[in-house]
Amino acid sequence: MYLNTIYFGRNAYGVETAANVYFGKSAADLTVGQAAILAGMIKAPNVYAPDKDVDKCRTRRNIVLDIMYKQGIIDEQTLLAAQDESIECCPRTGCDIKGYTYFALKEAASLLNMSERQVMQGGFVIETY
């Protein structure tokens with residue numbers, strides 16, 4: 001449940017949305033290196049995002065890959081191949097996915113039978129995950 005709601009930057013909530021936003025593909029289609037990037041971003045999405053600082057992203061990805069190797073999740077060949085992967089992501093302008101807060105606002109407006117503007121200006125507190 002946590003991985004389906006965690007924030008990854010760029011208004012991307014959840015692993016599936018983050019995979020689409022950053023790599024233009026489903027989470028099921030990510031390479032090991034790309035999956036390690038997303039896992040590493042959880043600590044600080046605005047620091048480790050591939051579109052923010054490629055060097056920090058690469059360093060964090062490699063830390064995650066090393067842990068995966070030490071835990072026996074991947075073998076040495078997979079580790080080395082993933083570490084050699086280039087880091088490329090979708091440009092910001094190419095990703096038009098609405099964020100979690102957008103859908104929370106739409107749902108609140110629907111439930112309250114109000115416009116989104118009325119909800120935003122109404123002083124409401126909306127609690128979500």
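The values are calculated or read from the model by the stated rules, or taken from the named source; none is laboratory data. None of these values were measured; they are calculated from a predicted model. Ideal geometry is used to build each Cβ from the backbone, glycine not excepted, and the neighbour counts take in all protein chains shown. Accessible surface areas use protein heavy atoms only, side chains included; no ligands, DNA or RNA. Shrake-Rupley method; radii C 1.70, N 1.55, O 1.52, S 1.80 Å.
Close Cβ contacts (under 9 Å, 6 or more residues apart or on different chains) running from residues in the stretch 52-73 that are in contact (Cβ under 8 Å) with a residue 24 or more places away in the chain and surrounded by 14 or more Cβ atoms within 10 Å (Cβ to Cβ) to residues that are of a type in the set (Asp, Glu) and not in a helix (DSSP H, G or I) comprise CYS57/ASP51; ARG61/GLU85. Residue count for the stretch 1-44 under the criterion of being among the hydrophobic types (A, V, I, L, M, F, W, C) and touching a Pro at 6+ places or on another chain (Cβ under 9 Å): the result is 7. For the stretch 1-31, a residue qualifies if it is open to solvent by 50 Å² or more (accessible area, probe 1.4 Å) and assigned to a helix (DSSP H, G or I), and the qualifying residues are TYR2, LEU3, ASN4, GLU16, ASN20, ALA28, ASP29.
Taking the conditions exactly as written (within 14 Å of CYS89 (Cα to Cα) and crowded, with 21+ Cβ neighbours inside 10 Å), does ALA36 satisfy them or not? Answer is yes for this residue. Scanning the stretch 104-129 for residues that are surrounded by 14 or more Cβ atoms within 10 Å (Cβ to Cβ) and either among the acidic types (Asp, Glu) or in contact with a Gly (Cβ under 9 Å, 6 or more places away or on another chain) (or both) gives a single hit, MET114. In the set (1) at pLDDT 95 or above; (2) touching a strand residue (DSSP E or B) at 6+ places or on another chain (Cβ under 8 Å), GLY99 fails one condition alone, (1).
Taking (1) exposed (fewer than 14 other Cβ atoms within 10 Å of the Cβ); (2) in contact (Cβ under 8 Å) with a residue 24 or more places away in the chain; (3) in contact with a Lys or Arg (Cβ under 9 Å, 6 or more places away or on another chain); (4) not in a helix (DSSP H, G or I) in turn, LYS43 satisfies each apart from (2).
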